[in-house]
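Asks: Let me give you the structure first, and then I'll get to my questions.
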Amino acid sequence: MNAMLDIRDLTLEFETPGGLVHALDRVNLSVERGECVALVGESGSGKSITGMSILRLNGANARIAADQIALDGGDLQGLSDRAFQTVRGRRIAMIFQNAKSALNPLRKVGDTLTDILRAHAPEKLTRRAARARVQEVLEQIGIHQAEDRMLAYPAELSGGMCQRIMIAAALVCEPELIIADEPTSALDVTTQAKVMDLLMSACRTRGVAVLFITHDLALASAYCDRAVVMHAGQMLEDGPADEVFVRPRHPYSRMLLDSMPYGKDAAEELKPMGGNLPDLRRDDLPSCRFADRCPRVQPCCRTAAVPQTALRDDHTVRCFFPHD
Amino acid sequence: MTEILLEAGAIVKDFPLGRGKVLRAVDQVSFKLRTGEILGLVGESGSGKSTLARILARLLPQTEGAIWFDKASLASFSGPRFARMAERRDIQMVFQDPLASLNPRWRAGQIIGDPIRRLGTAEEKQKRPALVAEAAERSGLPAALLNSFPHQLSGGQRARVDIARAIVLRPKLLILDEPTSALDASLQAHVVQTLMQLRADLDLTYIFVTHDLNLVRLIADRILVMQKGRLVEQGPARQIFDTPKEAYTRELIAAIPQLGQRRIDRTGRTPV
């Protein structure tokens, strides 16, 4: 059976006045049917633009090259921009970080949701039928007094409620894949737990695959089956979430975990990560872009093509010298 | 038994909503802070923790209640009047979003030196460049960046400018309002390490306002838990996390995601 999403050797560059930015370097990523995959890394590691590349949201100065970007076996790259409209929003939905700014402030949220559904639904829907369907989805995801909520403007709703509305917007067209980019990082911990529980149980029960972009490793481990670790536009480790977050094999994954408070007892145990992300405008980037920060670095890491080593069937690491 | 540095007695803050209605943002909060302690102030958005922090920093007057700092009552002084008192030097605040709180038209060095210009002694004013350089170095801001404007700095560097500005007059108490929440986790560790070093070097006491419970568990000696303006529980950090007494505290702790702890499984249910 085909994977829901299968990206092979995705390379992305941006043309800017300051030079060519080598944003993504041969990224491989797949999401199986009904699977939830976490895409994690620091700010600037290329997580969000990977998600944006799938939906062609990267803007006019982006240069994409990939062996394939396949949805359910069909390569999306050959589609015209017009044909792509039947994919974006309908087969693949996206949930953005800041719901308040993603919603139109001048329209009632019910109207926004109805428009989204009518624009993307494969069949013609009357406004009334669309509204009924929207209300049904809002009720399914546990929003009380859905009919009243639909009459509210975004400014009248809390951040958590706006994010629930965005989840409904993503679910209403019954997509096969949802790309959720930091959907809860603007929310506090109790609301975050409620919104994430709602999003993930809705996706799991419907069999919707999820690409969950986050820098919060604990959140990723609480909801995802698999984790992909990115750094400076390169994919460094890909494996079962329980493995990657508990026994990381790539030196970067390990350092990332060491710098975070999880499982530690005192502030002294936090080990700040050395160095910075490399300047991606450089034309002489080392072969492994983590080389300048890596404690295990050897000369070959900068020059030779770094192999993608399979540690097990479902766990690969892009490193010459992974941890045991 | 160490000394009490600050004591808050039944603090109340009402914000008028118009038509005679009020929002009680802080409701009868009392606690004591010992010298050298790190006090974590936690709660969800809207719980009143930032309002309380601003009252303690004398940026907002309380509606009722008393504050003693170093055994002197601050109750009746706030705002402009407090700015002329000796204690203004001793209580400093580090703000949540440095990009919003740092003057965009000032260079880092000018921002860091501003408290000296306003509150410093004649001697400090004379030594201002040296004091600014020292504060920057202690805060981990490279001297070469003192001529930069806030927008030219990274998030981590901006946080360091705000910290340097807060410590330049050698205060006794630092009130930190979500100092690391705008930062990436890997940068957060750097800033936390700097704050711990500063506390040891300068004998500081911290009030750390945050909703990052994973972090506060590591650094705080004691924790105050706020909900809807009220103090629902206070105690040693260990005790709050290991044996919380109040239902709300338990709920807050249960909501923290933990590594390797599944909340929703493949079938869409919560694993038992």
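Just so it is clear, none of the values below were taken in a lab; they were calculated from the coordinates. Bear in mind the structure is a predicted one, so any value in this text is a computation, not a measurement. As a convention, Cβ positions derive from the backbone with ideal geometry for all residues, glycine included, and neighbour counts pool all protein chains shown.
Asks: What ranking do A:288, A:162, A:301 get, fewest neighbouring Cβ atoms within 10 angstrom at the top?
Replies: A:301, A:162, A:288
Asks: Label points 7 Å out from Cα along the Cβ direction at residue A:242 and residue A:148: separation in nm?
Replies: 4.4
Asks: Once segment A:71-144 is represented by equal point scatterers at the alpha-carbon sites, with solvent omitted, what log10 I(q)/I(0) does the Debye formula produce at q = 0.12, 0.13, 0.23 Å⁻¹?
Replies: -0.43, -0.50, -1.19
Asks: In addition: To the nearest 0.05, how large is the calculated FRET efficiency for residue A:309 and residue A:271 if R₀ is 30 Å and r is the Cβ-Cβ distance?
Replies: Numbers: r = 25 Å, r/R0 = 0.84.
Calculated transfer efficiency: 0.75.
Asks: Further question on the same structure: Stretch residue A:139-residue A:32 to full length: gain in nm at 0.36 nm per residue minus the Cα-Cα span? Provide the component values of the computation, followed by the final result.
Replies: Working: separation 107, 0.36 × 107 = 38.52 nm, distance 2.80 nm.
Extending this stretch completely gives an extra 35.7 nm.
Asks: A follow-up question, please. What does the average come to when, for each residue of peptide A:252-261, you count the partner chain Cβ atoms lying within 10 Å of its Cβ?
Replies: Taking all residues of A:252-261 together, the mean is 4.
Asks: Another one. Which value does Rg/Rh take for segment B:4-254 over its C-alpha atoms, Rh per Kirkwood?
Replies: Rounded to two decimals, Rg/Rh equals 0.97.
Asks: Now, a different point. For helix B:185-202, what angle does its Cα long axis make with the longest principal axis of chain B, in degrees from 0 to 90 and rounded to 10?
Replies: For helix B:185-202, the angle is close to 60 degrees.
Asks: Can you quote the Å³ per residue value for the convex hull of the Cα atoms in the protein assembly as shown, rounded to an integer?
Replies: 180
Asks: Residue A:16 to residue A:98: extension gain in nm, 0.36 nm per residue of separation minus the Cα-Cα distance?
Replies: So the chain would gain 26.9 nm between residue A:16 and residue A:98.
Asks: Taking the number of other C-beta atoms within 10 Å as the exposure measure, put B:49, A:124, A:47, A:271 in order starting with the fewest.
Replies: The order, fewest Cβ neighbours first, is A:124, A:271, A:47, B:49.
Asks: What is the percent of Cα-Cα separations in chain A that go past 35 Å?
Replies: Numbers: 12353 of 52326 pairs.
Value for chain A: 24 percent of Cα pairs lie more than 35 Å apart.
Asks: With loop defined by DSSP as not H, G, I, E or B, and exposure as at most 15 other Cβ atoms within 10 Å, which is the longest segment of chain B clear of exposed GluC sites (Glu not before Pro)?
Replies: Answer - B:4-245.
Asks: I need the calculated FRET efficiency for the pair residue B:73 and residue B:118, taking r as the beta carbon distance and R₀ as 25 Å, to the nearest 0.05.
Replies: Details: r = 23 Å, r/R0 = 0.94.
The computed FRET efficiency comes out at 0.60.
Asks: Report the gain in length on full extension from residue A:123 to residue A:206: 0.36 nm times residue separation, minus Cα-Cα distance, nm rounded to one decimal.
Replies: 27.8 nm
Asks: Let me have the 222 nm mean residue ellipticity of chain A computed from DSSP H runs of 4+ only, each contributing -39500 (n - 2.57), with the sum over all residues rounded to the nearest 500. Intermediate results must be reported in sequence, preceding the final value.
Replies: Details: 12 runs with 103 residues, N = 324.
Only helices count here, giving -9000 deg cm²/dmol.
Asks: Do any of B:13/B:127; B:13/B:71; A:108/B:21; A:264/B:245 go past 31 Å between their Cα atoms, and which?
Replies: Over 31 Å Cα-Cα: B:13/B:127.
Asks: Could you list A:252, B:206, B:248, A:153 so that the one with the fewest beta carbons within 10 Å of its beta carbon is first and the one with the most is last?
Replies: Fewest-to-most ranking of A:252, B:206, B:248, A:153: A:153, B:248, B:206, A:252.
Asks: Based on a Kirkwood Rh over C-alpha pairs, give the Stokes-Einstein translational diffusion coefficient of segment A:226-324 at 10 °C and viscosity 1.306 mPa s in µm²/s.
Replies: 112
Asks: Determine, from the Cβ-Cβ distance of residue A:83 and residue B:7 and an R0 of 60 Å, the FRET efficiency 1/(1 + (r/R0)^6), rounded to the nearest 0.05. The partial results should precede the final answer.
Replies: Working: r = 69 Å, r/R0 = 1.15.
Step by step, r from the Cβ atoms, then E = 0.30.
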